[in-house]
Amino acid sequence: FGAQIYEGGISEVTLEFRGKAREIDTKPVTIAAIKGLLTPILLETVNFVNAPIIAKERGIEVKETTSEDALDFHNMLVLRIRANGKETKICGTLYGKTEPRIIKVDNFPVEIVPEGTMLFIYNNDKPGVIGNIGSLLGKNNINIARMHFGRETAGGMAISVVNVDSDVEDRIVEELSKLPNIISVKVIKL
């Protein structure tokens, strides 16, 4: 997920293990995160053995921190990706023992189920945005499985994350990008 929403070359990755998550062996999780970030952007094979080596060769600094503070959750993992001087922050947790959720992207509180094909849309928080997105997808016979919306303040910037049941063609992404109050659209495949 993280590798598909940031822009540019990664210079630093920080994983923050919070709450009960700080009590686990963090190394396998960190390696899995590095592998997950590098796999979609590299032509070479990235695996659990070579991921840390590739990150080091590419000058990517990898850090781990721990904290008791997990907000209102028992555990939380915060992934910070620094690329081109800009930072993207993704916070995740588990509901129960097996249901992962992305609960925050940058400063936007959300509740994203990370699975399948998703549309990641930055938009202005204005009336009609969600309806326009749904109408355009419906017109193109794309079923919405889930839709998540997060905003910092009313009327400000927001994100809409739409889980869909099928692939989304480039022309549909372009049409979505041209809708009023849409800032950017990315397709994310997990």
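Every number in this text was worked out from the coordinates using simple rules, so none of it is lab data. Fair warning: this is a prediction, and the values are worked out from it, not measured in the lab. Don't worry about glycine lacking a Cβ; one is built from the backbone with ideal geometry, like all the others, and counts go over all protein chains shown.
A few remarks follow.
- Amide H to amide H distances under 5 Å link T66 with F17, where only residues 5 or more positions off or on other chains count and H is placed in the peptide plane.
- Residue-span extension gain [K186 to T98] - 0.36 nm each, minus C-alpha spacing: 29.0 nm
- Positive minus negative residues near V185 (Lys, Arg vs Asp, Glu; Cβ under 11 Å): -1
- If you run the Gaussian network model on the chain, springs between alpha carbon atoms under 10 Å, then out of K20, K86, K97 the most flexible one is K97.
- Counting only aspartates and glutamates at least 8 places from K178 when in the same chain, those with an alpha carbon closer than 18 Å to its own are D125, E169, D170.
- Stretchable slack from E115 to V29, in nm (0.36 nm times residue separation minus alpha-carbon distance): 29.1 nm
- Highest GNM mean-square fluctuation among I159, I90, I142, for the chain modelled with Cα contacts below 10 Å: I142.
- Simple label model, 7 Å out from Cα along Cβ direction - N84 to F48, nm: 3.4 nm
- All lysines inside 28 Å of K97 as judged from Cα atoms, apart from same-chain residues fewer than 8 positions distant: K20, K27, K35, K63, K89, K189
- The GNM of the chain, with springs linking C-alpha atoms under 10 angstrom apart, assigns the highest mean-square fluctuation among E44, E61, E175 to E44.
- Computed on the Cα atoms alone, the convex hull of region 117-189 gives a volume of 73 cubic angstrom per residue.
- Among I41, I182, the order by Cβ neighbours within 10 angstrom, fewest to most, reads I41, I182.
- Global geometry of region 10-127, whether rounded, prolate or oblate, following the gyration tensor of its Cα atoms and the 1.5 cut on a/c: oblate
- With both residues required to sit in the chain, DSSP beta bridges show an antiparallel share near 85%.
- Region 25-75 and region 157-190: distance between their alpha carbon centers, rounded to Å: 27 Å
- Charge context of R80, other residues only, Cβ under 13 angstrom, K/R +1, D/E -1: 0
- For a straight C-alpha distance cut-off of 15 angstrom, the aspartates and glutamates reachable from K86 (same-chain residues fewer than eight places away being disregarded) are E7, E12, E61, D106.
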